[in-house]
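Asks: Have a look at this one before I ask anything.
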Amino acid sequence: MKHLILSVLKEMTGAPTEFQILPWGKIDISGDEPAYLYDQEAAALIEEFKERGNDMVVDYEHQTMQYVQAPAAGWIKRLVWKGTEGLWAVVEWTGKAAEYLSSREYRYFSPVIWITAKDRRVILLENVALTNQPKINNLKPLMAKMRHEDNQNQEREEIMIAKLKKLLGLANEAGEDKIEEAVTQLVAKNTKLEADATKVVACKEVMVALGAKEDAGKDEVVQIVASLKAPADVAKTLSLEVTALKQKIAAMEQEDLISLALKEGKTSPEELDKWGRDLAGKAPEQFRQIVLSRPAGSVIPVDGIKIAAKDTQGAVDAAQRSINEMMGIDEETFKKYNK
């Protein structure tokens, strides 16, 4: 893109309310190649002017471009495309500018435009200036500045393109088409990597530890983990069952020790309620050493007590039942140890 102050200046008669800024088609520029303006470019200029939402300044001697105090000579209110008659501006002049124009103290105007470097189409109308310097020599300093800036921009672009080629691994002679192709492939590859990243279930080490395939999906990995979890659940259940069985065996041993101690008269129901039963359950060996090591009948005499023989029905006579009740022995326990 190139920035130009048109060197073909137009003479104005009086202070017109509208004037032609740019001709249709070819625009001859002294000291430079011509520019071009057609329907499409003109429509874009008008649309850009409307989008600005502001009037366009008409200054004196391109003072706006020189970054100095730049009073306005007038304000362009509207742009009008008249086909082969070119691009026109509807303008409102200041009192001073109208006097200058009416008295012919100012006679010419000069538009500032931007054009494309390749096909030199007008793409922007920046502003317009009143001037009395129709000679191209008087515009050279500004033109030289713009050309210098263009050259600097071009140099920066060339450096950036060279760096881009290096990053993409392209040869120095690679053209824009090769750069575009490489960038397109890079973007596509990055897009694929981002998509693949969302599909990753676990890192490679975890997949190997699970015995899963490298490309295994989420459902497959979840199934493997669930299968590993099942034995743990079984082990937990088994552990609970073993604990319950141990408790049951301990309870049975406790009852056996108590029944034996009662049968041999080595303890009493009162003693059992106080501490004997608890000791038989928690420390059976101590119960044996403390209680069962006593002489028979040392707590409750058992001599002379006749234990009736069981009949074929396993019945217990009234006398034995009375003794059992006194000693706190239930009938089932009695039958178990008096076979």
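Taken together, the values in this text are just the output of simple stated rules run on the coordinates, not laboratory data. Keep in mind that this is a model prediction, so the values were computed, not measured. With ideal geometry, Cβ positions are generated from the backbone for all residues, glycine too; neighbour counts draw on all protein chains shown.
Asks: For the stretch 328-335, just list the computed ³J(HN,Hα) in residue order, Karplus coefficients 6.51, -1.76 and 1.60, θ = phi - 60°, integers in Hz, with x standing in for Gly and Pro.
Replies: x, 9, 7, 4, 5, 5, 4, 5
Asks: For the stretch 2-134, state the average projected area of the convex hull of the C-alpha atoms over all orientations, rounded to one decimal in nm².
Replies: 7.7
Asks: Give a residue-ordered list of calculated ³J(HN,Hα) values for the stretch 256-265 (Karplus: 6.51 cos²θ - 1.76 cosθ + 1.60, θ = phi - 60°; whole Hz; x for Gly, Pro).
Replies: 4, 5, 5, 4, 5, 5, 5, 4, 8, x
Asks: Taking neighbour counts of Cβ atoms within 10 Å as a proxy for exposure, in what order, fewest first, do ILE123, ILE300, ILE161, ILE21 appear? Spell out each step's value before the answer.
Replies: On the way: ILE123 17, ILE300 21, ILE161 14, ILE21 24.
Ranked by crowding around the Cβ, least crowded first: ILE161, ILE123, ILE300, ILE21.
Asks: Structure shown: which of LYS118/LYS163; LYS236/LYS274; LYS118/LYS192; LYS50/LYS82 lie over 27 Å apart, alpha-carbon to alpha-carbon?
Replies: Checking Cα-Cα distances, LYS236/LYS274; LYS118/LYS192 exceed 27 Å.
Asks: Also, quick follow-up: Could you please rank MET252, MET56, placing first whichever residue has the fewest other Cβ atoms within 10 Å of its Cβ?
Replies: Placing the least packed residue first, the sequence is MET252, MET56.
Asks: What is the Cα convex hull volume of the stretch 212-296 when expressed per residue in Å³?
Replies: Taking the convex hull of the Cα positions in the stretch 212-296, it is 105 Å³ per residue.
Asks: Would you mind counting up the charge near ALA129? Only other residues with Cβ under 9 Å from its Cβ, with Lys and Arg at +1 and Asp and Glu at -1.
Replies: Once positives and negatives cancel, what remains is -2.
Asks: Also, quick follow-up: What is the local net charge at PRO295, summed over the other residues whose Cβ is closer than 11 Å to its Cβ (Lys, Arg +1; Asp, Glu -1)?
Replies: +1
Asks: Just need the Rg to Rh number for the stretch 58-97, please, alpha carbons only, Kirkwood Rh. Provide the component values of the computation, followed by the final result.
Replies: On the way: Rg = 12.5 Å, Rh = 11.5 Å.
Answer for the stretch 58-97: 1.09.
Asks: In addition: Counting other beta carbons within 10 Å of each residue's own, what order do GLU194, GLU181 fall into, fewest first? Kindly include the intermediate steps, with their values, before the conclusion.
Replies: Working: GLU194 9, GLU181 14.
Listed from fewest to most nearby Cβ atoms, that is GLU194, GLU181.
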